[in-house]
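The values are calculated or read from the model by the stated rules, or taken from the named source; none is laboratory data. Quick caveat: nothing in here was measured; it's all calculated off a predicted structure. Glycine gets a Cβ as well: all are built from the backbone with ideal geometry, and neighbour counts include every protein chain shown.
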Amino acid sequence: MLGAFGIANFFLIFASRFQRAFTVEVEASYDKLFEQQLPVLESPVNLGKRWPRDTPVPFRFEFRIPLPSRHKIRTVLKEIESKSCIRFLENPREDLGVPLVRVINDKTCWSRVGPHFEGPVQNISIPFGCTDSFGVIAHEILHLLGFEHTQSRADRDQHIHVFASNIKPSELRQYRKQFSLPSVVYKLPYELGSVMHYGAYGNGINQSMPSIIPLDRRYLKTLGQRIRITFLDFVLLNRLYGCYENPDCDDLACQNGGVPIFKDTCTCFCPDGFSGGFCDELTQSTAKNPKCSVELKAKPSWQRHQIQLDSGVRNNGPNLFMPEECWVHIKTASGSKIELQFQDFKGKCDRTCTINGVEIKLQNFEQTGIRDCCKEELLKSRFRSSGELLVLGAFARNNQTLAAFKYRRV
């Protein structure tokens, strides 16, 4: 016979499996995403599945979630809180009138989309194997907050091509276009680098062939990034929940794709690589590499520069949860453009640049740029800005990222 503890465990396991039957997503790795077969929802953000803005999202950890994983999950929640009006409350002492989110340790990571009110508890699975990267956890938390996948946008054919013949039949519904698109209603650009976008090789029948490619092939490794929640991801989250809206801020002259928000006073929320009150300043380097970020002035003759970004971790050490980063702004005279060519690169080469890499923004600075981490591809490419500013970023989660390049005004 089962004792009280055994009965409790039985129901806990049963509830967990029952919850999985209704989940939207199960993820095994950066390149390999498994989706439950559920009815496809009508938008990349489910407008009917928002948490009440005036109530914090309550949560608690299942006892099987180890302390290091709890710390990483809390780090993601704090990042979301710092850049939105969303609030989370761990171990609430009273019923808040919404489901209590229980973080469980299932076999894979998954989450339902938005709050569900069938019962007092709603599970989200973030096991130890899913906590290596900030973006994998963030992906599930954004599902919890109502986000669907970016590649479901009805306008996706203007930006990507989906090879349905190379997608596992059980996963095809996760690539189906959806037409009630708040990201389009809000007039947001298509974000190839969204933390909610699938990678190029996800769910492939033939894993050596892509299931998605961007129409501009230079952005192949931008798809499926799990390094950070992007600027446009946060813009969509804030608009979905009505954060910081104030008509008095509409005339604020934010630059480089920044958007006006109200936090005590009108200010600008800036794209990755930009900072300052009007998004007209360079984002400074992270602490271990204080002199890495720099502004350069392009001239007609070739000039050379080298980024050397140290993660502080070596081969046998665990990857940084959040990478070391630095940014370079290359400017030139009004009416001119900038040409950039890499001469050397050192860093781990993989399909989605999960460890080391560079990001090149040639235009539309609010969007994620061209991400790459493979020397052969970088050295054979030339990049040209659309205007008098080119933005170059670098990141490292292990070892060093070294990027040597030359640049000039054209």
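Quick check: anything in the range 238-252 over 24 Å from A394 (Cα atoms), among the aliphatic types (A, V, I, L, M) and at pLDDT below 95?
Residues of the range 238-252 over 24 Å from A394 (Cα atoms): 238-252.
The next check asks that each one be among the aliphatic types (A, V, I, L, M); those that pass are 240, 252.
Adding the requirement that they be at pLDDT below 95 leaves 240, 252.
Yes, the range 238-252 has at least one match.
Per-residue answers, yes or no, for (1) of a type in the set (D, E); (2) surrounded by fewer than 20 Cβ atoms within 10 Å (Cβ to Cβ); (3) modelled with pLDDT of 95 or more; (4) assigned by TED's automatic domain parsing to the domain that holds Q151:
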| site | (1), (2), (3), (4) |
| --- | --- |
| S29 | no, yes, no, yes |
| L38 | no, yes, no, yes |
| L67 | no, yes, yes, yes |
| H71 | no, yes, yes, yes |
| E81 | yes, yes, yes, yes |
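Please go through (1) of a type outside the set (S, T, Y); (2) closer than 24 Å to G242 by Cβ; (3) out of contact with any helix residue (DSSP H, G or I) (no Cβ under 8 Å at 6 or more places or on another chain); (4) surrounded by fewer than 22 Cβ atoms within 10 Å (Cβ to Cβ) for E118 and return the number of the only condition it doesn't satisfy.
Only one criterion in (1) of a type outside the set (S, T, Y); (2) closer than 24 Å to G242 by Cβ; (3) out of contact with any helix residue (DSSP H, G or I) (no Cβ under 8 Å at 6 or more places or on another chain); (4) surrounded by fewer than 22 Cβ atoms within 10 Å (Cβ to Cβ) is unmet by E118, namely (2).
Keeping to the range 360-396, report how many residues are within 20 Å of the chain's Cα centre (by Cα) and touching a residue at least 40 places away in the same chain (Cβ under 8 Å).
Number satisfying all stated conditions: 17.
Report, by residue number, each residue of the range 106-125 that is in contact with a Ser or Thr (Cβ under 7 Å, 6 or more places away or on another chain) and assigned to a loop (DSSP other than H, G, I, E, B). Talk me through it step by step, then tell me what you get.
Filtering the range 106-125 down to residues in contact with a Ser or Thr (Cβ under 7 Å, 6 or more places away or on another chain) leaves 106, 108-112, 123-125.
Of everything in the range 106-125, those that are in contact with a Ser or Thr (Cβ under 7 Å, 6 or more places away or on another chain) and assigned to a loop (DSSP other than H, G, I, E, B) turn out to be D106, T108, R112.
Looking at this structure, is C326 in contact with a strand residue (DSSP E or B) (Cβ under 9 Å, 6 or more places away or on another chain) and part of a loop (DSSP other than H, G, I, E, B)?
Considered against the rule, which asks whether it is in contact with a strand residue (DSSP E or B) (Cβ under 9 Å, 6 or more places away or on another chain) and part of a loop (DSSP other than H, G, I, E, B), C326 comes out as no.
Tell me which strands (runs of 3 or more DSSP E) are completely within the range 198-283 and hold 1 or more residues being assigned by TED's automatic domain parsing to the domain that holds Y186, or say none if there are none. Step through it out loud before you land on a result.
Working: elements: 212-214, 259-263, 265-269.
Qualifying strands (runs of 3 or more DSSP E): 212-214.
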